[in-house]
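Novice: Sharing a structure with you now.
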Amino acid sequence: MSTRQTQLGITLMGFLIAIIIAGIFIMFAAKVVPMYTEFSSVKTAMETYARQPGAANLPADEMWSKIDRIFSTQYVTSVKRNNIQIIKKGPPRLVVNYEVRAPLFYNLDIVGRFTHEQPLSAGR
């Protein structure tokens, strides 16, 4: 008399493979999520600057000084002065275009390119 049991569940090897795959996704998310969080802060900072009266009429140095102060309160570190420009042709707008590189593992990096355009208030 022999009884046959059916095995239910996952084997140890299957469990280890699932853990490795989950770990890779978690590692990837840990590198990508901060990039997008910072980009959200960049957009918020640009909107804050754009709401100021006469934001489009300020000299470049004063504009950068104000934006840099807003960036520092929003913990933005990836955007430098040469990544921001004011376009005055047509309706004035502030444009940011920058790239973030984060090491993934060994010689592989994750690269995020971000662009945002924000209309500026021209009145004083």
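Coordinate-derived values only; no laboratory data. Everything numeric in this text was worked out from a predicted model, so none of it was measured. Neighbour counts are summed over all protein chains in view; Cβ atoms, including those assigned to glycine, are modelled from backbone coordinates with ideal geometry.
Novice: Sort 11, 48 so the one with the fewest other Cβ atoms within 10 Å of its own Cβ comes first.
Specialist: Ascending number of Cβ neighbours within 10 Å: 11, 48.
Novice: Quick check on the exposure proxy: order 33, 95 from fewest to most C-beta atoms within 10 angstrom.
Specialist: If I rank by nearby Cβ atoms, fewest first, I get 33, 95.
Novice: Moving on to the next point. What's the longest uninterrupted piece of the chain once you rule out the chymotrypsin sites (Phe, Trp or Tyr not before Pro) that are loop residues per DSSP with at most 13 other Cβ within 10 Å?
Specialist: Counting at most 13 other Cβ atoms within 10 Å as exposed, the longest clean stretch of the chain is 1-74.
Novice: Kindly put 61, 109, 68 in sequence by how many other C-beta atoms sit within 10 Å of each C-beta, fewest to most.
Specialist: Numbers: 61 9, 109 12, 68 15.
The most exposed by this proxy come first: 61, 109, 68.
Novice: Would you mind working out the magnitude of the charge dipole of the range 33-124 relative to its Cα centre, with +1 at each Lys and Arg C-beta and -1 at each Asp and Glu C-beta, to the nearest 20 Debye?
Specialist: Dipole magnitude for the range 33-124 comes out near 300 debye.
Novice: Using only alpha carbon positions, build the gyration tensor of the chain, then give the equivalent ellipsoid semi-axes as the square roots of 5 times its eigenvalues, largest first, whole angstrom. List each step's numbers first, then the result.
Specialist: Working: eigenvalues 511, 41, 24 Å².
Working from the Cα gyration tensor, I get semi-axes of 51, 14, 11 Å.
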